[in-house]
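Everything on this sheet refers to the single structure shown next.
The values are calculated or read from the model by the stated rules, or taken from the named source; none is laboratory data. Since we're looking at a predicted model, the values are computed, not measured. No Cβ is skipped: glycine too gets one built from the backbone with ideal geometry, and neighbour counts run over all protein chains shown. What goes into the accessible areas is simple: the full protein's heavy atoms, side chains included, and nothing from ligands, DNA or RNA. Shrake-Rupley method; radii C 1.70, N 1.55, O 1.52, S 1.80 Å.
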Amino acid sequence: MQTLKAGDKVPNFTVNDQDGNSISLSDYKGKKLVVFFYPKANTPTCTVEACNLGENYKALQDAGFEILGVSADSEKRQSNFKNKFGFPYPLLADTEKEVINAFGVWGPKKFMGREFDGIHRITFIVNEDGIVERVIDKVKAKMHSEQILSE
């Protein structure tokens, strides 16, 4: 797994969000973007992380950030997740792992003694020119907004 690092250019991507709208990296040109990857919609830690970003959305926007959540869940699962918790930002249904592979967040994981391949919980701060500014690879779900805002 070759994860993007600070200084790397993010490859353009186009993937549908929870409502079937086509979302591309180029839509965010000229904006600071937080791209957070989470293993699965509606699971406990992913929910805490996504809710923390939702609750602090105004502060993140005031700091100039747009937010994109990404997992390999279907549009329907992402839509249910977004509507259940009222997230104010889009969730990408990256079922083909286009964005996941572009950022390099798919790879071997361990959980309860089992090894398997999955999405790593990593967040990328992307600048106005599509370059990775910062990578948060030790995400604290309950304090994720603070991690993003404390540059």
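Which of the residues belonging to the range 104-122 are basic (Lys, Arg) and either touching a His at 6+ places or on another chain (Cβ under 9 Å) or surrounded by fewer than 19 Cβ atoms within 10 Å (Cβ to Cβ) (or both)?
Those that are basic (Lys, Arg) and either touching a His at 6+ places or on another chain (Cβ under 9 Å) or surrounded by fewer than 19 Cβ atoms within 10 Å (Cβ to Cβ) (or both): LYS109, LYS110, ARG114.
Determine whether the range 13-26 contains at least one residue that is modelled with pLDDT of 95 or more, open to solvent by 80 Å² or more (accessible area, probe 1.4 Å) and either over 28 Å from LYS84 (Cα atoms) or within 16 Å of the chain's Cα centre (by Cα) (or both). No: zero hits.
The conditions of being outside any strand (DSSP E or B), in contact with a strand residue (DSSP E or B) (Cβ under 6 Å, 6 or more places away or on another chain), open to solvent by 10 Å² or more (accessible area, probe 1.4 Å) and under 14 Å from THR47 (Cα atoms) are not met by LYS142.
Looking across ALA59, ALA93, ALA102, one residue alone is farther than 21 Å from VAL15 by Cβ and touching a residue at least 60 places away in the same chain (Cβ under 8 Å). It is ALA59.
Checking ILE125, ILE148, ILE67 one by one, the residue that is open to solvent by less than 80 Å² (accessible area, probe 1.4 Å) and touching a Lys or Arg at 6+ places or on another chain (Cβ under 7 Å) is ILE125 and no other.
Which of the residues that make up the range 36-51 are farther than 17 Å from SER79 by Cβ and surrounded by 20 or more Cβ atoms within 10 Å (Cβ to Cβ)? I'd like the intermediate steps shown before the answer.
Residues of the range 36-51 that are farther than 17 Å from SER79 by Cβ, as a first pass: 36-37, 39, 44-45, 48-49.
PHE36, PHE37, GLU49, listed by residue number.
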